[in-house]
Every structure is written in structure tokens, then in C-alpha cells.
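Have a look at the structure below, then the notes.
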Amino acid sequence: MEIVHPNSIDEALAGLGDGAIPLAGGTDLMVEVNFGHIRPERVIGLRRLAELKEWDGQRIGAGVTWRRIETHGPKALAEAARTVGSPQIRNAGTIGGNLGTASPAGDGHPFLAAVGASIELASTASQRTLTWQEFFTGVKETARRPDELIMAVHLPAGLPERQCFGKIGIRNAMVIATVCAVVTRADDGKTTVALGSVAPTPIRATGAENMISSIGHPSAGDLVEFQRLVSEEVRPITDHRSTEEYRRHGAGVLARRLLERCLS
Amino acid sequence: MIVELTVNGVPVTARVTNPGSLLDLLRDELGLPGSKNACEQGECGSCSVILDGELVCSCLVMAADAAGSSVTTVEGVSPDDGLHPVQEAMHHAGAVQCGFCTPGIVVAAVDLFARNAHPSSNEIKDALAGNICRCTGYGAIIRALEGVGATDEH
């Protein structure tokens with residue numbers, strides 16, 4: 001195995017391709033290595049590449065760790081960061097790595113979907129920015145080409161102040177989400193609802209969004225209908241972590257509670 | 001592959017079996033068995049070390065990627081002539097059952113007190129969220145660490 005420690009983005013990009021694997025915090029890749037699922041031939045070590053750690057307003061560099069997001073991120077993204085693994089994992093794991101792995105249970109993804117974030121990719125030949133919908137293509141699959149590096153996440157300006165993250169899991173710390181979600185509500189009532197762990201990629205519950213966005217002061221009955229629509233829109237499966245039925249119910253309850261928090 | 005790094009303040013050169021972990025390097029090549037090997041997936045915290053100033057699971061650090069880094073293991077937290085206050089407090093409180101998780105908890109607690117000299121009980125629990133004690137001896141561990149802050153206040 002060969003490892004390259006690039007001193008610049010250009011050097012990092014030049015090293016990609018030919019089966020080279022980008023290594024950031026290692027919290028996903030090394031599990032695969034330790035269990036013999038992956039045996040990398042070429043690794044691009046990005047942990048100390050300063051340019052990837054830059055955080056400039058709405059542009060969060062791919063190498064920014066969950067620890068930094070926990071203390072400096074927008075409210076709901078910081079709440080999500082706080083539930084990523086443990087202190088050890090948050091010190092190492094990065095937002096770029098979370099996107100590269102693209103687990104359906106990625107804790108950072110519902111926020112990106114809720115606010116309509118985009119993902120910046122670069123190769124030696126090109127640079128492009130994809131919407132989150134274009135970026136996530138399936139379970140642990142993304143539109144990133146092997147010669148591309150995830151450079152940064154771009155958040156839109158003027159995020160709603162009312163934004164909440166929530167996660168259902170079997171314990172409080174060190175847990176992979178059974179369902180996770182972010183709800184945002186702007187002053188004009190416009191509401192977004194994004195969920196993770198309930199479909200191959202993060203999804204928006206647009207029917208529920210449309211229904212509740214037009215109501216200035218939702219009644220108890222409106223909240224029940226909102227919950228029902230969210231449960232109807234998600235597409236969960238049964239696996240070792242939970243059942244399709246529990247996830248569907250949990251998604252609706254979680255989204256309704258997060259909306260109630262936004263409204264209170 | 002040969003890597004050079006600093007372990008517990010001492011520059012070392014070691015042979016790495018790629019793509020092995022920093023944990024394997026510490027235990028098998030450098031003869032430092034304090035960091036324990038258990039889950040190999042970052043869930044148990046028994047391999048916790050401080051890498052370039054950050055608490056991490058050494059099982060999730062690729063050894064080849066630690067080249068040029070500075071690592072502190074449980075063997076490096078105490079002064080030559082005694083114990084770190086965290087070790088002292090855990091020793092006095094009997095905050096050890098089987099002892100397997102103890103090195104990881106010591107390193108995580110040393111990292112906590114380096115950042116926060118007087119952590120609350122909840123801050124201690126948060127800091128140890130990534131360290132699992134299969135004996136479930138958390139009560140004594142947390143009481144011991146609460147005592148570290150108290151002693152410091154005298």
C-alpha cells in the first residue's frame with residue numbers, strides 16, 4: 001500500500017483516480033479495513049490538509065470535524081453533530097467523510113436536505129457544485145466520480161432561526177439513527193422537513209411541508225395531519241436496527257415534535 | 001513501510017504492516033499494550049489515545065497516516081515519579097472492576113481535565129460517552145472523576 005500526504009489541494013487532486021481512496025478522519029474507512037472488507041492499494045491522507053479545514057461563512061470545508069460543527073455550526077446542524085458517535089469519533093470524523101460514505105443514517109444529511117445545501121466537488125479537470133438531491137444517488141452511493149474530491153458544503157444564506165434536529169435510537173450516546181430528522185420554519189410559515197434512515201437517501205416530506213407551510217398558527221388537528229403525511233411519505237425498510245412499521249411511525253412523531261419545538 | 005512519529009514525547013521509527021491501525025502499531029511494534037484492542041470499530045473507546053492534541057480511537061487511525069504525528073498513550077500520561085491525578089483518583093475510589101476499559105477511560109479523562117479543570121457531573125458523563133465499561137462500573141468511575149475537580153479546588 002502507498003500513502004500520499006498532499007501539501008495542497010492540487011497535489012491531493014493529482015493523486016486521485018486509479019483506485020486511490022481519500023482518507024479523512026478514518027472513522028468509516030478503518031472499520032472496513034479492520035474487518036477485512038477493504039484493502040486499499042493507494043490512500044490519499046487528507047487529515048492534515050489545512051485548505052480542507054477552512055470554514056468561511058456559508059462554505060464549510062470538507063475536512064471540518066463534527067467537534068467543530070458541534071460548537072460552531074448552525075443550531076440544528078450543531079445538534080446533529082452532538083449525536084455523531086462519541087467525542088473520539090467527533091474529533092476525527094468530518095462532514096466531508098459523512099457525505100463520502102453516504103450512509104442512509106448519516107446524522108448530518110437531514111440538515112443539508114432541509115436547508116437545500118449543495119456539495120462542491122473538484123478534480124484536476126473540473127469543478128462542479130451539485131444540489132444535495134443530485135449528490136445522493138442511493139444507499140452509500142453518490143454522484144462523486146473516483147477522480148473527484150469532496151471539497152466543501154455550501155449552505156444558503158438566511159437560514160431560518162427556527163430549526164431543530166432530532167434522532168431516535170436505542171440509547172443516547174454512540175448510536176446510529178433509527179430515524180433522524182430536521183424541521184425548519186421561516187417567519188412566513190415556510191416549513192421544511194427532512195429525514196434520514198427512512199429511505200436510501202435523505203428525503204424531504206414535501207406533502208407535509210406544503211400542508212403546514214400555508215397555516216400560520218397550526219391547530220392540534222393540523223399537527224396530527226402533518227404527522228400522518230410525514231409517515232405516509234417516508235420509504236423505510238426493516239433491517240437489523242428497526243422495522244419498517246416502527247420507522248414509519250417514528251418519522252411522523254419525530255417530525256411533529258420538532259415542528260412543535262419550532263413553533264414554541 | 002517505515003513511519004516516524006512521536007510517542008509519549010519520544011521520537012520513534014517503526015515498521016507498519018499496511019493498512020494496519022495505529023493501535024496495532026502501538027501494541028505490536030512499539031510494545032505499548034496499555035491501549036486495548038476490543039471492538040475495532042470505534043464503539044468501545046478502550047484504545048483511546050491523544051493524537052496531535054485530539055482524543056481519538058487508535059483503532060480508527062491508519063498507522064501510515066500517523067506518520068509525523070504526536071501520540072500520547074496511557075503509558076505517557078503520568079509523571080515519571082507517580083500517577084496522574086486522574087489515575088490517583090480512580091485508584092483511591094476503586095473505580096476499576098476487570099480493568100480492561102480503564103486505560104481508555106484514563107486517557108479520555110486526562111483529555112477532559114486538560115480542557116476543563118472543573119467539569120460538572122454531566123460534562124464528565126459526556127466526555128466518557130465513547131468509553132464502554134462492560135462491568136458497568138460507571139458510578140465509581142464518575143464519582144472518582146468528580147473528586148479530581150474537588151481536590152484541585154483546595
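The values are calculated or read from the model by the stated rules, or taken from the named source; none is laboratory data. Note that this is a predicted model, so its numbers are computed, not measured. Positions of Cβ are backbone-derived with ideal geometry, glycine not excepted, and every protein chain shown enters the neighbour counts.
So, B:VAL56, is that one aliphatic (A, V, I, L, M), crowded, with 19+ Cβ neighbours inside 10 Å, within 9 Å of chain A (Cβ to nearest Cβ) and within 30 Å of A:ILE176 (Cβ to Cβ) or not? Taking the combined requirement at face value, the residue satisfies it. In this structure, A:ALA62 does not satisfy being in contact with a Cys (Cβ under 8 Å, 6 or more places away or on another chain), crowded, with 24+ Cβ neighbours inside 10 Å and more than 13 Å from chain B (Cβ to nearest Cβ). Against the test of being within 12 Å of chain B (Cβ to nearest Cβ) and surrounded by fewer than 15 Cβ atoms within 10 Å (Cβ to Cβ), the options A:GLU32, A:GLU2, A:GLU11 yield a single qualifying residue, A:GLU2.
Conditions (1) over 15 Å from the mean Cα position of the chain (by Cα); (2) farther than 18 Å from B:LEU55 by Cα; (3) surrounded by fewer than 19 Cβ atoms within 10 Å (Cβ to Cβ), marked per residue:
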site	(1), (2), (3)
A:ALA24	yes, no, no
A:ILE38	yes, yes, yes
A:VAL43	yes, yes, no
A:TRP55	yes, yes, yes
A:GLN58	yes, yes, yes
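Considering the stretch B:99-138, and only residues there that are outside any helix (DSSP H, G or I) and among the β-branched types (Val, Ile, Thr), the residue that is modelled with the lowest pLDDT turns out to be B:THR136.
When A:LYS140 is tested against the conditions (1) of a type in the set (Lys, Arg); (2) in contact with a helix residue (DSSP H, G or I) (Cβ under 7 Å, 6 or more places away or on another chain); (3) crowded, with 22+ Cβ neighbours inside 10 Å, the lone failure is (3). Exactly one of these conditions fails for B:ILE141: (1) crowded, with 21+ Cβ neighbours inside 10 Å; (2) within 13 Å of chain A (Cβ to nearest Cβ); (3) under 20 Å from A:ASN172 (Cβ atoms). Give me its number. Here B:ILE141 clears every test but (2). Against the numbered list (1) farther than 20 Å from B:ALA127 by Cα; (2) not assigned by TED's automatic domain parsing to the domain that holds B:ASN8, B:ALA95 comes up short only at (1).
For the stretch B:24-35, residues that are under 14 Å from B:VAL61 (Cα atoms) and of a type outside the set (Asp, Glu) total 4. Once the stretch B:26-53 is narrowed to residues that are away from chain A (no Cβ under 14 Å) and in contact (Cβ under 8 Å) with a residue 12 or more places away in the chain, the residue that is nearest to the chain's Cα centre (by Cα) is B:GLY34.
If we keep just the residues of the stretch B:59-82 that are more than 9 Å from B:LEU22 (Cβ to Cβ) and free of Cβ contacts under 8 Å to residues at least 60 places away in the same chain, which is nearest to the other protein chains (Cβ to nearest Cβ)? Within the stretch B:59-82, the match that is nearest to the other protein chains (Cβ to nearest Cβ) is B:VAL74.
On inspection, A:ASN91 fails the criterion of being farther than 19 Å from A:ARG144 by Cβ and either touching a Pro at 6+ places or on another chain (Cβ under 8 Å) or more than 9 Å from every other protein chain (Cβ to nearest Cβ) (or both).
Residues are listed down the side, and each one gets a yes or a no for (1) modelled with pLDDT under 95; (2) closer than 19 Å to A:GLU79 by Cβ; (3) in contact with a Phe, Trp or Tyr (Cβ under 9 Å, 6 or more places away or on another chain); (4) among the hydroxyl-bearing types (Ser, Thr, Tyr):
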site	(1), (2), (3), (4)
A:PRO156	no, yes, no, no
A:GLU161	no, yes, no, no
A:ALA173	yes, yes, no, no
A:ALA186	no, yes, no, no
A:THR206	no, no, no, yes
A:LEU223	no, no, no, no
A:PHE226	no, no, no, no
A:GLU232	no, no, no, no
A:HIS249	no, no, no, no
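Scanning the stretch B:6-25 for residues that are at the interface with chain A (Cβ under 10 Å from one of its Cβ atoms) and either of a type in the set (Val, Ile, Thr) or free of Cβ contacts under 8 Å to residues at least 12 places away in the same chain (or both) turns up B:VAL16, B:THR17.
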